[in-house]
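Undergrad: Once you've had a glance at the structure underneath, I'll fire off some questions.
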């Protein structure tokens with residue numbers, strides 16, 4: 001079976017609620033802080049260099065991009081959050097749109113959250129995890145840029161993320177998958193494939 005994001009095709013981008021495609025198949029959102037390596041991770045999972053484009057300036061992507069998967073489901077690339085070289089008003093507007101999508105979109109069934117392995121889960125990541133955990137939707141956390149750490153540092157980083165989850169969500173932490181990931185070395189790509197496949201059948 002092909003990895004789930006292989007042969008993904010761009011469908012549309014939406015910068016406002018009215019521009020979202022009509023709800024149909026299951027949607028898996030990819031989210032993360034600006035510069036957490038989200039576009040690189042999507043490209044690694046798709047086995048393509050330029051499916052998702054990363055901006056030279058973090059925070060420049062201001063729309064939600066939909067990619068149809070071979071299964072019929074959608075991979076949805078959300079704007080990065082936490083930093084943007086734009087006006088405060090513009091930043092507030094599109095982050096409000098992102099939050100409405102995450103909390104109200106009926107066909108949004110799972111979340112892939114990208115966190116820099118060197119930073120772990122931040123205060124900006126926590127609200128997204130909260131929304132999904134409380135609604136019983138699955139979460140996959142990819143600890144990105146692991147190639148920048150040695151093996152001992154990688155072990156500490158992944159243990160720290162899992163410990164944070166256990167403290168915050170106690171028994172629910174076991175329902176959140178955490179995978180050490182690198183778009184450069186391809187660490188965690190196959191494991192992430194298998195988790196996403198389990199979501200979309």
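The values are calculated or read from the model by the stated rules, or taken from the named source; none is laboratory data. Everything quoted here is computed from the prediction, not taken from an experiment. Methodologically, a virtual Cβ is constructed for each residue, glycine included, from the backbone with ideal geometry; neighbour enumeration extends over all protein chains shown.
Undergrad: Among the residues of segment 64-87, how many are modelled with pLDDT of 85 or more and loosely packed, with under 14 Cβ neighbours inside 10 Å?
TA: 1
Undergrad: Follow-up. Of the residues 61, 57, 90, 107, which is at pLDDT 95 or above and either within 30 Å of residue 148 (Cα to Cα) or over 15 Å from the mean Cα position of the chain (by Cα) (or both)? It would help to see each step written out before you state the result.
TA: Values: 61 fails: at pLDDT 95 or above; 57 fails: at pLDDT 95 or above; 90 fails: at pLDDT 95 or above.
Testing whether each residue is at pLDDT 95 or above and either within 30 Å of residue 148 (Cα to Cα) or over 15 Å from the mean Cα position of the chain (by Cα) (or both) leaves just 107.
Undergrad: Determine which single condition residue 145 fails, assuming it passes every other condition in (1) within 20 Å of residue 190 (Cα to Cα); (2) at pLDDT below 90.
TA: Condition not satisfied by residue 145: (2).
Undergrad: Looking at 164, 190, can you tell me which residue is out of contact with any strand residue (DSSP E or B) (no Cβ under 9 Å at 6 or more places or on another chain) and closer than 19 Å to residue 51 by Cβ?
TA: It is 190.
Undergrad: Here are 160, 192, 183: which of them is part of a helix (DSSP H, G or I), modelled with pLDDT of 95 or more and within 14 Å of the chain's Cα centre (by Cα)? Let's see the steps before the verdict.
TA: Working: 160 fails: within 14 Å of the chain's Cα centre (by Cα); 183 fails: part of a helix (DSSP H, G or I).
Answer to the check: 192.
Undergrad: What are the residues in segment 165-201 that are on the phi > 0 side of the Ramachandran plot and touching a helix residue (DSSP H, G or I) at 6+ places or on another chain (Cβ under 8 Å), if any?
TA: Looking only at segment 165-201, we keep the residues that are on the phi > 0 side of the Ramachandran plot, and these are 170, 186, 188, 201.
Residues satisfying the conditions are 186, 188.
Undergrad: Anything in segment 1-44 that is out of contact with any strand residue (DSSP E or B) (no Cβ under 8 Å at 6 or more places or on another chain), over 21 Å from residue 131 (Cβ atoms), touching a residue at least 40 places away in the same chain (Cβ under 8 Å) and not in a loop (DSSP other than H, G, I, E, B)? List them, or say none.
TA: 43, 44
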